[in-house]
Amino acid sequence: MVAPRHVDSIHGLSTGQSFEQKDAGACLHTPSRVAVFSLEEQGRQMVNHVRVLLLIANAAWLSPVFDQVDANALRARYGPRTAEVFDLRPGITLSVNYGDNRQICKLEIRPARNAPAVIPAAVIQQLVDELLPPLTRGAPKRQFMACAGAICWSLAEYDAVIIGQSGGDVTPNPEAPNPLAVIQFRSCEASKQ
């Protein structure tokens, strides 16, 4: 930035007297001197002021775009959660879908992105039993298994729930993470999402 020239008098005006804008540029009073700015210097200052104002306006306008969204803001805008995800084991997650009154409707055990190379069928059964112990399922009804090539899916119906789970060890596919097991409660229907 170019510093203004200080003079004791300009165009016949002495320090402290009133003045009007002259062709040479604008003048500003200081207690002991008069500062003279050329039109070019004024233009630079104006451009800098405009830049600062635009920066402030853009920051105020764009701040909602770059702010972190939190759960409270989402709940306030879209209502209560209808689903949640929990980490059951390293590489295995549990998705919970809720119905009315936050009643659990469906549980899905899925491989996570960091899933092990193979998830044994015994681990899947252990997780199903941990989430829904056999005594809480009600009386057993039908049970069957369906296979397509090397992939098998077993289905067991009970009074209270329907449980579908992999019939063997699972090699997770990160591009198509199919569930390892699904537990559907008969007492409710999952909320529409």
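A short reminder: the numbers here are calculations on the coordinates, not readings from a lab. What you see is a predicted model; the values in this text were computed from it and never measured. When we count neighbours, we look across all protein chains shown, and the Cβ atoms used for this are built from the backbone with ideal geometry, even at glycine.
Numerical summary
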read-out	value
Sorted by Cβ neighbour density within 10 Å, fewest at the top, the residues Leu180, Leu155, Leu74	Leu74, Leu155, Leu180
Rounded FRET efficiency, nearest 0.05, which uses the C-beta distance separating Met46 from Arg81 and R0 of 41 Å	0.20
20 °C / 1.002 mPa s Stokes-Einstein diffusion coefficient of the range 143-193, Kirkwood radius on C-alpha pairs, µm²/s	173 µm²/s
Square roots of five times the Cα gyration tensor eigenvalues for the range 91-135, Å	23, 15, 5
Descending semi-axes in whole angstrom, ellipsoid equivalent of the range 72-112, from the Cα gyration tensor	22, 13, 6
